[in-house]
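Chemist: Sharing a structure below in structure tokens format, with a few things to ask.
Only the coordinates and a few stated rules stand behind these numbers; no lab work does. Please read these numbers as outputs of a predicted model, since none were measured by experiment. So basically every Cβ, Gly included, is an ideal-geometry build from the backbone, and we count neighbours across all protein chains shown.
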């Protein structure tokens, strides 16, 4: 049976998943220097370097919104720390190996050993600017969530 608007019209297809990449330690190190933590107003509960918070909320599954997990990082110093975590994760292959968007891994993880807290990051902007930089946003996750996605 054909769709009224033709096949595939109005159907959003996921972007193709690229094959796993095998990068040398030097390549991963260079790639990590092009990655930054940007954050998201959707994951803040107070004013941050991004401005005022704008949390996603919604109980209706049809509106495709959900309550966002809060990220407590709000100061410029904390953004710098999160950028260090993002770069560490890329440099140390702490990402889903077969999920890339352009030159960058899509999903990263980091564990803050001092606090024992896991962090999850997702690529939000790839190859931006003249230096081809990547931007990530992230938030804390439980050890169970880490195992589910990365373990």
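Chemist: Any chance you could run the full-extension gain for residue 117 through residue 28? It's 0.36 nm times the residue separation minus the Cα-Cα distance, nm to one decimal. Mind dumping the intermediate values first?
Modeler: Working: separation 89, 0.36 × 89 = 32.04 nm, distance 2.38 nm.
Using 0.36 nm per residue and subtracting the Cα-Cα distance, I get 29.7 nm.
Chemist: If R₀ is 22 angstrom, what is the calculated FRET efficiency for the pair residue 131 and residue 88, using the beta carbon separation as r and rounding to 0.05? Working shown, then result.
Modeler: Values: r = 20 Å, r/R0 = 0.89.
FRET efficiency, residue 131 to residue 88: 0.65.
Chemist: Rounded to two decimals, what is the ratio between the C-alpha radius of gyration of the stretch 93-151 and 2.2 N^0.38 Å? Provide the component values of the computation, followed by the final result.
Modeler: Numbers: Rg = 12.4 Å, N = 59, 2.2 N^0.38 = 10.4 Å.
The reported ratio for this selection is 1.19.
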